[in-house]
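Engineer: This is the structure I have questions about; it appears just below.
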Amino acid sequence: MRISVRVTDKEKQKITAKAKKCGISTTEYVRQRALGYEPKAVPPDALFVLLEKVGRLEDKSTSSKLNNQIYNLLKEISETLLLPGKERDEIWLSPDSGRSTET
């Protein structure tokens, strides 16, 4: 099904630029925004390198308390910077994204 929306040239440029920054199509960007989700911009590769390093610290740790803190930190970083969000407790990914849906 198709929904058409009229926008100005300037609005189209802004929407297209924001979608590109998030690494998704303009259609997917508009769909997510219309459903109340806020797509996240694609983070720089440096973030993934840092997440990998923090993950390695967890592997080396012998403290279950520290492991839980590291796990919670990684989860918070992922939810805040990597996943589109609607509400804090609800994580949604488009079926087109190739990733599973979590709630």
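The values are calculated or read from the model by the stated rules, or taken from the named source; none is laboratory data. On a predicted model such as this, the values are computed, not experimentally measured, just so you know. All Cβ positions, even for glycine, are placed from backbone atoms using ideal geometry, and neighbour counts span all protein chains on display.
Engineer: Does any residue in segment 38-65 that is under 27 Å from Thr26 (Cβ atoms) come within less than 7 Å, Cβ to Cβ, of a residue that is β-branched (Val, Ile, Thr) six or more places away or on a different chain, and which pairs are these?
Structural biologist: If the second residue must be β-branched (Val, Ile, Thr), the pairs left are Pro39/Ile24.
Engineer: Would you check which residues across segment 13-37 are in contact (Cβ under 8 Å) with a residue 24 or more places away in the chain and over 20 Å from Glu79 (Cβ atoms) and list them?
Structural biologist: Scanning segment 13-37 gives Val30, Arg31.
Engineer: Would you tally the residues in segment 1-34 being exposed (fewer than 11 other Cβ atoms within 10 Å of the Cβ) and among the polar types (S, T, N, Q)?
Structural biologist: Total meeting the criteria: 2.
Engineer: Another question about this same structure. Which members of segment 35-54 meet the condition of being loosely packed, with under 13 Cβ neighbours inside 10 Å, of a type outside the set (A, V, I, L, M, F, W, C) and either closer than 25 Å to Ile15 by Cβ or touching a helix residue (DSSP H, G or I) at 6+ places or on another chain (Cβ under 9 Å) (or both)?
Structural biologist: Passing the criteria: Gly36, Glu38, Pro44.
Engineer: Ok, one more. Being modelled with pLDDT of 75 or more, surrounded by 10 or more Cβ atoms within 10 Å (Cβ to Cβ) and hydroxyl-bearing (Ser, Thr, Tyr) is the filter here, so list the residues in segment 64-103 that pass it.
Structural biologist: Selection gives Tyr71, Ser78, Thr80.
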